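So the structure is just underneath, and the comments pick up after that.
The values are calculated or read from the model by the stated rules, or taken from the named source; none is laboratory data. On a predicted model such as this, the values are computed, not experimentally measured, just so you know. Note that each Cβ is placed from the backbone with ideal geometry, even for glycine, and that neighbours are counted across all protein chains shown.
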Amino acid sequence: MEIRLTTLEDCYIIESTVYEDERGYFYEKFNQKKFEDLTGMNGHFVQDNVSKSVYGVLRGLHLQKGDHAQAKLVSCLEGKVLDVAVDVRENSPTFGKWFSIELTEENKLQLYIPRGFAHGFCVLSDTAVFSYKCDNFYNKASEGGIIWNDNDLNIDWQLPLEDIILSEKDTVLPSLSSRNF
């Protein structure tokens, strides 16, 4: 397992060693001890989620607030997504900055997103199966988010605007500058 820091404080790319032969492949997707030794971050996860989406679906930018904040370890099990993390921790030197990475079934990369970040992804392939491990349980009352097309963030989602498919709730999220996320 190799871990690299992104341009955002405490946000890491995780690359597993993949063993392939004529039968297929094997890799250790996560190892709590190695993760904690390499990052100093807690790697205890309590909830796993999986979603399947079609091309153009954009989910985000979402977060859990307060005592229900969640760190996430995300990956794409099938297809290709553009994954985006936004630092919304008020006292962070990377507050208001974002990082994106393509996660695919081929590259098998994972992104660790700490608590205090908004997160979203969009599907760049015909379909995608997306996995995320969370270190805290979901709480509907603690949902928050930032509008996907926030002018201050200016995220390049790598999709034509006419291809983007959003849920109704993702069309009415506040801006980062409102601090009401």
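Taking the conditions (1) closer than 17 Å to N49 by Cα; (2) surrounded by fewer than 20 Cβ atoms within 10 Å (Cβ to Cβ) in turn, L111 satisfies each one other than (2). Taking every residue in the stretch 22-35 that is over 13 Å from I3 (Cβ atoms) and pairing it with any residue that is in a loop (DSSP other than H, G, I, E, B) and modelled with pLDDT of 95 or more, at least 6 positions away or on another chain, the pairs with Cβ-Cβ distances below 9 Å are Y25/K108; Y27/K108; K29/K108. Taking Q110 as the residue in question, decide whether it is touching a Lys or Arg at 6+ places or on another chain (Cβ under 8 Å) and under 21 Å from K169 (Cβ atoms). Answer is no for this residue.
With respect to K97, determine if the residue is of a type in the set (K, R), more than 17 Å from F35 (Cβ to Cβ) and in contact (Cβ under 8 Å) with a residue 12 or more places away in the chain. Yes.
Quick check, is S100 assigned to a loop (DSSP other than H, G, I, E, B) and either more than 16 Å from the chain's Cα centre (by Cα) or among the small types (G, A, S) (or both)? No. Tell me, please, whether a residue that is at pLDDT below 95, over 16 Å from the mean Cα position of the chain (by Cα), acidic (D, E) and not in a loop (DSSP other than H, G, I, E, B) can be found in the stretch 35-47. Scanning the stretch 35-47 turns up at least one residue that is at pLDDT below 95, over 16 Å from the mean Cα position of the chain (by Cα), acidic (D, E) and not in a loop (DSSP other than H, G, I, E, B).
Right, L8: at pLDDT below 90 and surrounded by 14 or more Cβ atoms within 10 Å (Cβ to Cβ) or not? The answer is no for L8.
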